[in-house]
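Student: Structure in structure tokens, see below.
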Amino acid sequence: APWDPDLVRLKRRWNASLPINYLPNELFLAIFTAYDADVFYDPHGSLELRETLPRICRYWYDFVRSCPEIWRFIDFKLSEKYRKHCLSISSTFPIRVKFSRYTFRETVSTFISSYSHRLEGLICSTGDTTWKPDIVPVFARGMPFLKILELRLASFMPQDDYIELDLTAKRYPLLRSLYLGGPIRTPRDVGIYENLRFLRLELSNIFDAE
């Protein structure tokens, strides 16, 4: 079928009047950070955009390197070298960290403890049960700037082995989104729920009132 002349004219006018390099960097930054945020919540998502863009040309290389916001999403599926690279470029910006298919062992708990003052989002998904001795002390110290917390842990544990993270409004004053799945006791501090905009509890053991 022949091209619609109006469509052809529109395409030509668009390409001629607004080349992509005429768009402001602020718009690109908003697009890329929104993309990274969506990928961050996708269990199968990949943050490859940060690696692909700098290879296109020098302009994109300089742009990506100059935007710490793009590097604040950190997935532990990435190598340790790359994680350090992200932490370095993101500077003092709040970071969001995701552990998927990884056991909650010493390296992970040490990482969270070291950067708890920068953590804005934390997602942990694991089927391993060896994380219990490490995870409790990490959350007991609190994370003053954490807004998003998702824990999807192994559900095959005896009820007596359920853990209590002692999430309180004092330790987590900015928490807005909370997802707990697995052998985690429901937080008892009523204050932790007051500022939440999203709450989902699955397979959590609810404490009886004392």
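The values are calculated or read from the model by the stated rules, or taken from the named source; none is laboratory data. Quantities reported herein were computed from a predicted structural model and do not represent experimental measurements. Here the Cβ positions follow ideal geometry from the backbone for every residue, glycine too, while neighbour counts run over all protein chains shown.
Student: Taking segment 174-202 on its own, how many of its residues are modelled with pLDDT under 85 and exposed (fewer than 15 other Cβ atoms within 10 Å of the Cβ)?
Tutor: 1
Student: Hey, another quick one. Give the residues of segment 108-126 that are aliphatic (A, V, I, L, M) and outside any strand (DSSP E or B), sorted by residue number.
Tutor: Selection gives VAL108, ILE112.
Student: Take the residues in segment 88-111 that are modelled with pLDDT under 85 and of a type in the set (Val, Ile, Thr), then tell me which one is nearest to the chain's Cα centre (by Cα).
Tutor: VAL108
One line per residue, one yes/no per condition, for (1) more than 22 Å from the chain's Cα centre (by Cα); (2) of a type in the set (A, V, I, L, M, F, W, C); (3) at pLDDT below 85:
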position	(1), (2), (3)
PRO133	yes, no, yes
PRO137	no, no, yes
SER155	yes, no, yes
TYR162	yes, no, yes
TYR172	no, no, no
